[in-house]
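These notes are about the structure you will find just below.
Derivation of every value follows stated rules applied to the coordinates shown; laboratory data play no part. Predicted model only: the values in this text are computed from it and were never measured. All Cβ positions, even for glycine, are placed from backbone atoms using ideal geometry, and neighbour counts span all protein chains on display.
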């Protein structure tokens, strides 16, 4: 049925809330992680292919653009993991009160940002970038 | 107006459901539950392999448990991703032709990339 009426929930008049913003980030990180999956597949394929293909992959991954991609995938992974666990609790019927939803939302943000920063720091240290 | 004067409800009652109403939802949850620990493990793999030379990384990945978990991770990842992209397309693409095309492309791409990466892992695990 092709109707021209506006579709709910009328995004143009809603004030963004923590819950709705975190919800759309969950979707965006999910879509972005599909691209991350392609990158992971490229890594595995390069290793199966041989040293030359692997060198080409690491050259790309080591470039500033590759590092930027990696950090964005890492954040998306942590966020989607944490918020996904939040979703699983909701699926079990827990944590639906407004206070609880806001508290778990802030926790997801804090943990995913903290874990991304911590992992990047530890990986950089392992690579000897920070020395 | 339909020639059939029975209500849609009376035509459906008693035929039983296809029992597939929540299948997609369940598959998404079950693959998510599998992916949660696998993701933690994958972060650990990153720490073991980053900056290492080719031979070391290949030797690392060809260990039986590492190869098993990596293949499990790849399968769950591309399956979960395909289920998620399907819902995103259903929700935001409203032109029937484009929607159907995208849905088919996503299914093909997920299977193809998933199959390619699993076969690559098998080559690493059992190849010379």
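Quick notes on this one:
- As a proxy for reagent exposure, A:47, B:119 were ordered by neighbouring Cβ count within 10 angstrom, fewest first; the result is B:119, A:47.
- Alpha-carbon Rg/Rh ratio, for region B:67-128, with Rh computed the Kirkwood way: 1.14
- Per residue of A:45-54, other chain Cβ atoms within 10 Å of the residue Cβ number 5 on average.
- Helix-only mean residue ellipticity at 222 nm for the protein assembly as shown, each DSSP H run of n ≥ 4 adding -39500 (n - 2.57), per residue, nearest 500: -27500 deg cm²/dmol
- Selected from B:23, B:32, B:110 as most flexible by GNM, with chain B as the system and alpha-carbon contacts under 10 Å: B:23
- Fewest-first sequence of B:89, B:98, B:33 by Cβ atoms within 10 Å of each Cβ: B:98, B:33, B:89
- In percent, rounded to a whole number, the relative contact order of chain A is 27, using alpha-carbon pairs under 8 Å and six or more apart.
- Peptide B:48-56, shielding by other chains (average Cβ, 10 Å cutoff): 4
- Peptide A:77-89 - average C-beta neighbours from other chains (10 Å radius): 3
- Pairwise label distance in nanometres, residue B:103 with residue B:56, each label 7 Å out on the Cα-Cβ vector: 4.8 nm
- Angle of helix A:64-91 to the longest C-alpha principal axis of chain A, folded into 0 to 90 degrees and rounded to 10: 40°.
- Reference-scaled alpha-carbon Rg (2.2 N^0.38 Å with N residues) for the protein assembly as shown: 1.21
- Nearest-ten-degree value, helix B:64-92 long axis tilted from longest Cα axis of chain B: 30 degrees
- Going from the residue with the fewest nearby Cβ atoms within 10 Å to the one with the most, B:82, B:29 rank B:29, B:82.
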